[in-house]
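What follows is a single structure, written as structure tokens, with notes after it.
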Amino acid sequence: MAMKMPAEEKYKEKKKILVVDDYLPTRRLIVDALEQSSQYEVNEAENGEEALQLFNKNNYDLVISDIMMPGMSGMDLLNRIREKNLFAAVIMITGNPTVDLTVSAIKKGAVDFLTKPFDIDDLLFKVDIHLRGKKLLSKEGAEIIQDQANLKDKSDELSKQGYIFDSIEDSPLDNDVIFEKIAALALKLVDGEVCSILLFDEQDNEFHPKVVKGEAEEINRNYTHSSALKMVFNEVVDRKEAVMISSNEHQDISPSLICAPLMIRNSILGILSIRKKKNREIFNKKDLHHILSLTKRASLNLENKILYESIYSNIMDTLKSLISSIQARDHYTEEHSQRVTEMSLRIAAQMGCSMKDMESLKIAGVLHDVGKIATPDSILLKPDKLTLEEFLIIKNHPTIGENILRPVVLLEKERKIIECHHERWDGKGYPWGISGTEIPFLARILSVADSFDAMTNNRPYRPAMPVEEAIEELGKNKNTQFDEDVVNAFIKIL
Ligand SMILES: [Fe+2]
């Protein structure tokens with residue numbers, strides 16, 4: 001007989017929410033909507049200072065704050081709240097969702113955003129989701145204290161859950177990797193036999209398996225196609241809630257199954273479905289809680305990631321057009337940037353750099369001379385040697401490049417590389433004259449590739465140097481112009 005349990009219990013105690021907005025009508029709208037629910041105790045503040053005073057006195061589960069406020073801004077408030085309580089959920093509201101604000105709020109730990117004008121149902125949904133996520137985590141916390149024997153296991157599990165966020169952060173380009181990791185983690189958390197993640201296509205009402213993981217994966221691939229499961233999946237989609245079934249009715253479902261939705265905004269992105277190992281006890285409420293906190297975190301992170309990706313691809317398009325505009329004036333700069341990027345990546349791979357570093361280098365390599373956009377044609381395209389004055393102008397390009405990219409907070413690391421690509425190991429470079437390991441490592445790589453490419457290509461004012469000679473030149477300048485390790489790695493590749 002099938003035994004179904006409601007996925008969530010209603011909250012027993014009231015959750016405390018603080019609403020911060022200097023604009024009274026918006027604040028009232030939010031407070032009124034929240035007060036419709038008997039589950040919340042709501043306080044309000046009209047500015048950051050007042051909010052902080054209240055926050056110091058009360059233990060709020062959730063803060064909803066406008067970003068643009070006179071005096072202490074929402075971002076400052078977010079910082080101060082984080083200093084006091086790492087776990088309070090903060091949802092930011094903004095009328096002007098710029099890249100800077102959105103991304104730095106993500107980095108500072110805002111759990112979510114709303115853009116004005118917002119749909120009040122959307123707000124209520126988010127409030128509900130974040131408070132449930134919190135409840136689940138605090139419940140786990142209580143269990144840890146109660147059950148000393150399981151302390152290590154449990155904290156391992158929690159750290160595994162923290163690992164989801166890190167994993168997602170670490171793999172900004174590949175959703176598949178994230179799904180793989182979520183499925184693997186789910187299996188470990190609840191002793192599952194097979195876990196699948198299926199993406200839901202609203203158009204044709206179909207579920208498309210994205211990942212199937214577990215013991216005997218090949219056999220289990222069929223498991224996502226059984227009609228019994230499809231019924232359960234449909235139920236999850238209809239209810240937008242997790243379902244836990246323990247049954248001997250269907251062979252596919254035996255002994256026990258949890259299906260939980262992966263939500264983006266208020267719609268179903270997909271379903272995580274996990275089956276307990278055969279000959280084991282059925283799933284219990286604790287398992288359900290683990291899976292729910294996993295899918296909710298994963299959902300939030302996927303949502304943020306999709307936001308990040310769309311911002312990121314917009315920025316990259318803009319930057320590419322910037323590069324093309326340089327190319328229109330100067331073919332050399334674009335081709336040179338491409339070659340330098342490729343060489344830098346090979347050096348980085350040789351030196352065992354992480355994927356993240358390689359991504360940074362890819363961006364910084366392509367953009368390293370973007371500041372030359374401000375160099376007059378008479379200097380940039382001059383067929384003769386530059387005068388000292390002209391050289392001083394061209395020396396501004398790393399700083400100008402950094403300035404151009406400064407509004408793009410996403411590219412903090414890449415900006416630093418661009419700014420420092422003409423620094424020298426001995427401190428005689430520009431713009432800052434920093435030396436040795438003060439120069440970012442990736443900038444030291446870029447500098448070697450940059451110089452080598454400049455030497456081995458024809459310039460209007462001098463012919464290309466033979467490769468052997470250029471290598472010799474690099475070797476001679478180890479520990480003066482260049483980082484010795486980088487030069488050695490480069491020579492090895494060549
Ligand atoms: Fe340069």
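Using the Cβ-Cβ distance between Met68 and Ser435 with R0 = 45 Å, the FRET efficiency computed as 1/(1 + (r/R0)^6) comes to roughly 0.60. In this simple spin-label model, placing a label point 7 Å from the Cα along the Cα-to-Cβ direction at both Ile264 and Glu469 gives a separation of 5.5 nm. Label-to-label distance for Glu49 and Arg459 is 5.7 nm, based on points extended 7 Å past Cα in the beta-carbon direction. Phi angles of segment 441-448 translate, via the Karplus equation with coefficients 6.51, -1.76, 1.60 and θ = phi - 60°, into HN-Hα couplings of 3, 5, 5, 5, 5, 4, 4, 5 Hz per residue; Gly and Pro are given as x. For the set Lys126/Lys210; Lys320/Lys362; Lys320/Lys372; Lys181/Lys362; Lys382/Lys478; Lys188/Lys276, the pairs lying more than 19 angstrom apart at their alpha carbons are Lys126/Lys210; Lys181/Lys362; Lys382/Lys478.
Amide hydrogen proximity for Val194: with H placed 1.01 Å from N in the peptide plane, the residues at 5 or more positions away or on another chain lying under 5 Å are Arg275.
When you count the other C-beta atoms within 10 angstrom of each residue and take the mean per peptide, 352-364, 452-464, 176-188, 29-41 line up highest first as 176-188, 352-364, 29-41, 452-464. Annotation: amide H-H contacts under 5 Å for Val20 (H modelled 1.01 Å from N, sequence separation of 5 or more, or interchain): Ala45, Ile64, Ser65, Asp66.
Once the Cα-Cα distance is subtracted from the 0.36 nm per residue extended length, the Ser37 to Glu412 segment shows a gain of 130.8 nm. Taken along the Cα-to-beta-carbon direction at a fixed 7 Å, the label points for Asp377 and His331 span 1.6 nm. Shown is the FRET efficiency for Glu83 and Lys277, computed with R0 = 51 Å from the Cβ-Cβ distance and rounded to the nearest 0.05: 0.70. Scanning residues 5 or more positions from Gly429 or on other chains, those with amide H under 5 Å from its amide H are Arg424, with H placed 1.01 Å from N in the peptide plane. Stretching Lys356 away from Asn403 to a fully extended chain increases their span by 14.6 nm, per 0.36 nm per residue minus the current alpha-carbon distance. The gain in end-to-end length when the Leu392 to Met231 segment is fully stretched comes to 50.8 nm, 0.36 nm per residue minus the alpha carbon separation.
Where a number appears in this text, it was derived from the coordinates with a stated rule and is not lab data. Note that the structure is predicted; figures quoted are calculated from it, not measured. With ideal geometry, Cβ positions are generated from the backbone for all residues, glycine too; neighbour counts draw on all protein chains shown.
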